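Notes follow the structure.
The values are calculated or read from the model by the stated rules, or taken from the named source; none is laboratory data. What you see is a predicted model, and the numbers here were worked out from it, not measured in a lab. For neighbour counting, all protein chains shown are included, and Cβ atoms are generated from backbone atoms with ideal geometry for every residue, glycine included. Areas reflect the complete protein model, heavy atoms only, side chains present, ligands, DNA and RNA absent. Shrake-Rupley method; radii C 1.70, N 1.55, O 1.52, S 1.80 Å.
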Amino acid sequence: MSDYLNRDVTAGDRRPRALLLALVLGAGLMIGGLLTWAFTRSDGGSGTAVAEEHANELPQGVVELTAEAQRNASVEMIQVKVDTLPAALQVTGTVRPDEARVAHIRPLGRGVVQSASVRLGDRVRMGQALITIDNVELGEFIGEYLTQRAALRQAEADLDVKRRALERASELIKLEAIAQQTLDLRQAEFRSAEAAVSSQGARVANVEERIHRFGVTDQVLTEIAKEGAGAHSDHSRNVLRAPFDGIVTNFDASVGEFVEPGRELFTIANISTVWVLADVYEKDLARVRRDTDVTIQVETFPGRTFSGRLTYVSDLIDPQTRTAKVRCVVENPDGSLKLDMFARVMIPTVEAKQALLVPVKAVQQVGGEQIVFVRQSATRFERRPVQLGLIAGETAEVVSGLKGGETIVGAGSFYLKTALLRENIGDEH
């Protein structure tokens, strides 16, 4: 009996404890749920949005473009293929100015430098003043011009007197008031005066022509004639101006210095078009042809190529290096190519090879790299760095970065480049 009672007491003790444990667990679950609800409300549901955003995020270097956007941008798909390309010869050279675009500025006469408006390395525009010289020779010519003009006026006045005398003699001969011999004398004097005026006019014209060579216009000469002797010091200053746009590559003049006509004061080079002079070994000359498109690279821009045209192959071989000079003409509108830069030139030869080819319009420059956009799906395109070899016209050789059969964007690749750069800017922010 006692055992029975003891078992009942023990069981009775366990039931309240189990009930208490259940209540505690239930309260914990309820508090956890409330905290989760409160966090979700305070966060505005951002946890779910972030998860969805990461689920839709594009891989690095991938651009997405809808089919409609592709149509609007006239995006063209091109399959990379292996084709025949002229084998290339790589040579080295230097950037030089186009000799037809180099001006050597010298004074037109003896004089003293009064002022210089530019310095070595300055960029100048056509017609810009370079230097002002008190031109001794021009001053002498102006003085002679004024003297000859005064003599011309004297000759013209004498001619006018002779003309009136001849007219009076012609009237008197009608009245038989003078002899025919007197009329003949007046006619001879008039013709002599006419010759004197003509001769003096030629002297004036000769001096004017000399003055014009210093850049003095007819309008200025008229002012000089009106001003007379006082014009000598004002108009003997000679301003030398730039014949075209360019860069001052040589400067040799100081204020107060006496200069002679044969001395070069400035050299101005227009580098919107430059030459790349390269050396081709004697054994390779038979592989090179004139009027060939070439590709040029410089160390300053490792990911950039410049297009040029080989226009000249020298007929002289350097006996020391056994090379001949070739001249490549390169457009340089932004002035990226600097004079005396070291350059590598890829020259197509008469030989041919198989190469992976893409259109030049498919290649874009991004962050110092040459890239193409490879299609991953109907709307996704991967940025792919490539290394180019020879560029022949509108076609470029791909040395690395692509495989035959891949599909890339041709026309419209610039639109994808713009979208890629815009996404990169967004990621930075």
Problem set entry | Portion, in percent, of the accessible area of the stretch 317-393 that falls on carbon or sulfur, probe 1.4 Å | 50 percent
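Ranked highest first by the average count of other Cβ atoms within 10 Å around their residues, in what order do 297-305, 378-386 fall?
Details: 297-305: 14.3, 378-386: 16.9.
Averaged packing, sorted descending, gives the order 378-386, 297-305.
Per residue, how large is the accessible surface of the stretch 189-290? Use a 1.4 angstrom probe and give square angstrom. Display every interim value, and only then the final one.
Details: 5350 Å² over 102 residues.
That works out to 52 Å² for each residue.
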Exercise. Relative contact order of the stretch 244-392: what whole-number percent is it, with Cα pairs under 8 angstrom and at least 6 residues apart?
Worked result: 23 percent
Exercise. Want the number for THR222 to GLN60: 0.36 nm per residue separation, take away the alpha-carbon distance, what's left?
Worked result: 50.9 nm
Exercise. So what does PHE342 come to for accessible area, using a 1.4 Å probe and Å² rounded to 10?
Worked result: 100 Å²
Seminar exercise, completed: Given backbone amide H placed at 1.01 Å from N, residues whose amide H is under 5 Å from that of THR305, ignoring those fewer than 5 places away on the same chain, are none
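Could you order LEU58, LEU185, LEU337 by accessible surface area, starting with the largest, using a probe radius of 1.4 Å? Numbers along the way, then the final one.
On the way: LEU58 45, LEU185 90, LEU337 0 Å².
Result, largest first: LEU185, LEU58, LEU337.
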Seminar exercise, completed: Non-local residues with an amide H under 5 Å from the amide H of MET77, with H modelled 1.01 Å from N and Pro and chain starts lacking one, are GLY410
Seminar exercise, completed: Expected vector for the stretch 346-361, Karplus 3J(HN,Hα) from phi with 6.51, -1.76, 1.60 and θ = phi - 60°, integer Hz, x for Gly and Pro, equals 9, 10, x, 10, 6, 7, 9, 8, 8, 8, 7, 10, 9, x, 4, 5
For this session: Ignoring everything but the protein chains, give the 1.4 Å probe accessible area of VAL329 in square angstrom, nearest 10.
Result: 40 Å²
Exercise. Taking H as built 1.01 Å from N, whose amide H comes closer than 5 Å to the amide H of LEU89, not counting residues under 5 places away?
Worked result: ILE347, THR349
For this session: Would you kindly derive the ³J(HN,Hα) couplings of the stretch 374-389 from the backbone phi angles with the Karplus curve 6.51 cos²θ - 1.76 cosθ + 1.60 (θ = phi - 60°), listing them in order in whole Hz, with x for Gly and Pro?
Result: 9, 6, 9, 8, 5, 10, 10, 9, 9, 6, 10, x, 9, 10, 9, x
For this session: Take the cross-link list LYS81/LYS353; LYS81/LYS417; LYS81/LYS361 and give me the ones stretching past 19 Å between alpha-carbons.
Result: LYS81/LYS417
Seminar exercise, completed: Diffing the stretch 158-170: the Karplus 3J(HN,Hα) column from phi (6.51, -1.76, 1.60, θ = phi - 60°), in whole Hz with x for Gly and Pro, holds 5, 4, 5, 5, 5, 5, 5, 5, 5, 5, 5, 5, 5
For this session: Give the ranking of HIS104, HIS212 by solvent-accessible surface, highest area first, calculated with a 1.4 Å probe.
Result: HIS104, HIS212
For this session: Run the accessible area of the stretch 154-272 with a 1.4 Å probe and give the carbon-and-sulfur part as a rounded percent.
Result: 49 percent
Problem set entry | Heavy-atom accessible area ranking, 1.4 Å probe, most first, across TYR312, TYR145, TYR415 | TYR415, TYR312, TYR145
